[in-house]
Amino acid sequence: MSNFPDDSLALHTDLYEINMMLTYWEKGISERQSVFEVFFRKNPFENGFALFAGLERVVQYLQNLKFTDSDIEYLREMEDYPEGFLQYLKDLKFTCTIRSAVEGDLVFSNEPILQIVGPLAQCQLVETAILNIINYQTLIATKAARIKSATGNDPLLEFGSRRAQEMDAAIWGTRAAFIGGFDATSNVRAGKLFGIPISGTHAHSLIQTYRSDYEGFKAYAETHRDCVFLVDTYDTLRSGVPNAIKVAKEFGDKINFQGVRIDSGDMAYISKRVRQQLDDAGFPDAKIYASNDLDEKTIQNLKMQDAKIDVWGVGTKLITAFDQPALGAVYKLVAIEDEHGQMVDTIKLSSNAEKVSTPGMKQVWRITNDKKDHKSEGDYIAVWDEDPTKQESLYMFHPTYTYINKTLTDFTARPLLQTIFDQGKLVYQLPTLDEIKAYCRRSLDSLWDEYKRDLNPQEYPVDLSQKLWDRKMNYIQKVRQHVNDTINDK
Ligand SMILES: Nc1ncnc2c1ncn2[C@@H]1O[C@H](COP(=O)(O)OP(=O)(O)OP(=O)(O)O)[C@@H](O)[C@H]1O
Ligand SMILES: O=P(O)(O)OC[C@H]1O[C@H](OP(=O)(O)OP(=O)(O)O)[C@H](O)[C@@H]1O
Ligand SMILES: O=C(O)c1cccnc1
């Protein structure tokens, strides 16, 4: 470690952000109003939706955003920045407006999920940290929801800390997993910090220490009331389970024999045999816990094989988002104040139609059909000042295949982006984690099953309002024309 104290997160950013801040500062445009939006281009895991998480940490980060003396000292040593600029950084106060989806909400590809409005230099500074937080936590919450959809009402335990990409990932990943549907965690610090229920059995090392299933279980039973014995250290069916039963019988009411955990082998076959042994011994209520590189696919498969597993422990595949390690959310400038003080839209063109950004400041409206069980009909991205709640009917059409369209009359439109900070002031009351989890369950209930199935889900409509669509098309034309004119001029 260097001699600098780790006393702020202001430098938790990419150098190019500060380099751009210098350019804006030198050119006198650092305070120009700008609008950036966060979105991702593809739902993760081929899922039909993503679950938004990370806002609480974004709030923590922004509330404490300040360059400390050591930050300035470090920059002075490393970079050739003018003293005036360093002083500007030192005096910087966060004054942006943040609007965001709330944690536990469903979000979809190609719609703004967080928006930041404020002085250009500040918006630029916070890009990296905001993406860092939202990308990871949203990914893990979504993975957790997929795993939860496989386990149904069975208890689901988070076991991932030892395999997570470092400590922050273990802690915040656990929180995201809890939002997405996990019931408890093995990480005691996550329990302490967030109030997540904690849960734990024991490891193979306990049995190895005593070099005997029986002695290991007995020692554990002598020192704990609640007992789940790990039975696969030597031989699950011939030693582990028989010795667990023996100890459970010897200790009787002195312990609460909750069950056994299996962690290897063919878990369908073994769990059925273990169930039989426990039932035959008079322990029909003892539960069978399973762990070992589980994910939604193995769990579904084990259920198809009628495995007798009651409680699922999931680590590596959850906490590392094993099958898709990055969400790929991006942060794009969509509007900026010009030299006359007018806000103008900006766009990023691409030869790939899907990568062309949608210009201008927007709101996302979640449309529910009041006639059809109040389920979500789709998301309607509109120009910021449009208000679909004032419309009698709503025309929704696919932004690329415009012939796919529908008109709704009995609908409710709810704005997805809520104001979190208003010009630097926190105006959003952070909900408790239990409230977020409950909200997440309600959000999932509002989605048709066709969008929720984990294999080949239907594409949820994310449409543009006519006004926004026209604006985007006109703007693309204008930019193309401008590029052509510039080339022809040469
Ligand atoms: N019946 C089953 N159907 C589908 N997958 C299973 C079944 N039983 C176990 N698995 C999964 O198969 C994977 C590998 O298990 P495998 O038996 O090859 O290794 P293991 O039991 O971990 O071996 P080890 O004894 O080295 O720990 C794990 O992800 C496990 O969850
Ligand atoms: O498989 P995961 O989904 O990642 O779940 C966590 C794993 O961590 C433990 O194994 P580990 O080998 O680390 O410890 P042990 O010695 O107790 O088996 C546990 O037994 C699980 O297998
Ligand atoms: O409590 C457990 O059984 C546990 C905890 C962490 C990792 N694997 C298992």
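The values are calculated or read from the model by the stated rules, or taken from the named source; none is laboratory data. Remember, it's a predicted structure, so these values are computed and weren't measured experimentally. So basically every Cβ, Gly included, is an ideal-geometry build from the backbone, and we count neighbours across all protein chains shown. Accessible surface areas use protein heavy atoms only, side chains included; no ligands, DNA or RNA. Shrake-Rupley method; radii C 1.70, N 1.55, O 1.52, S 1.80 Å.
Each residue in the range 222-242 was checked for being of a type in the set (F, W, Y) and either in a loop (DSSP other than H, G, I, E, B) or more than 12 Å from ligand 3 (Cβ to nearest atom) (or both), and 1 of them qualify. Only helices (runs of 4 or more DSSP H) whose full extent lies in the range 1-78 are considered here, and the ones with at least 2 residues that are within 30 Å of P457 (Cα to Cα) and touching a residue at least 60 places away in the same chain (Cβ under 8 Å) are 55-63.
What's the number of the only condition in (1) surrounded by fewer than 19 Cβ atoms within 10 Å (Cβ to Cβ); (2) assigned to a helix (DSSP H, G or I) that H202 fails to meet? Condition (2) is where H202 drops out.
Only one of these is assigned to a loop (DSSP other than H, G, I, E, B) and buried (at least 16 other Cβ atoms within 10 Å of the Cβ): I299, I309, I245, I270. Name it. After ruling out the rest, the residue left standing is I309. Among the residues of the range 283-294, are any touching a residue at least 12 places away in the same chain (Cβ under 8 Å), within 16 Å of ligand 2 (Cβ to nearest atom) and assigned to a helix (DSSP H, G or I)? No, the range 283-294 contains no residue that is touching a residue at least 12 places away in the same chain (Cβ under 8 Å), within 16 Å of ligand 2 (Cβ to nearest atom) and assigned to a helix (DSSP H, G or I).
Just to be sure, is Y439 in contact with a Pro (Cβ under 9 Å, 6 or more places away or on another chain) and either open to solvent by 60 Å² or more (accessible area, probe 1.4 Å) or at pLDDT 95 or above (or both)? Spelling it out, Y439 is indeed in contact with a Pro (Cβ under 9 Å, 6 or more places away or on another chain) and either open to solvent by 60 Å² or more (accessible area, probe 1.4 Å) or at pLDDT 95 or above (or both).
For the range 79-94: of the residues being free of Cβ contacts under 8 Å to residues at least 24 places away in the same chain and open to solvent by 60 Å² or more (accessible area, probe 1.4 Å), which is farthest from G424 (Cα to Cα)? Out of the qualifying residues, it is D80.
Quick one: is L318 farther than 30 Å from K362 by Cβ, at pLDDT 95 or above, open to solvent by less than 10 Å² (accessible area, probe 1.4 Å) and within 9 Å of ligand 1 (Cβ to nearest atom)? No; evaluated as a whole, the condition is false for this residue. Among the conditions (1) within 30 Å of A177 (Cα to Cα); (2) away from ligand 2 (no atom under 14 Å from the Cβ), A248 misses just one, which is (1). Checking each residue in the range 389-414 for being in contact with a helix residue (DSSP H, G or I) (Cβ under 9 Å, 6 or more places away or on another chain) and either over 26 Å from C440 (Cα atoms) or open to solvent by less than 50 Å² (accessible area, probe 1.4 Å) (or both) picks out L394, Y395, F397, P399, T400, T402, F411, A413.
Summed over the range 274-296, residues that are away from ligand 1 (no atom under 12 Å from the Cβ) and open to solvent by 70 Å² or more (accessible area, probe 1.4 Å) total 5.
Selection of the range 348-380 for residues being under 24 Å from the mean Cα position of the chain (by Cα), farther than 18 Å from G48 by Cβ and not in a strand (DSSP E or B) yields K355, S357, T358, M361.
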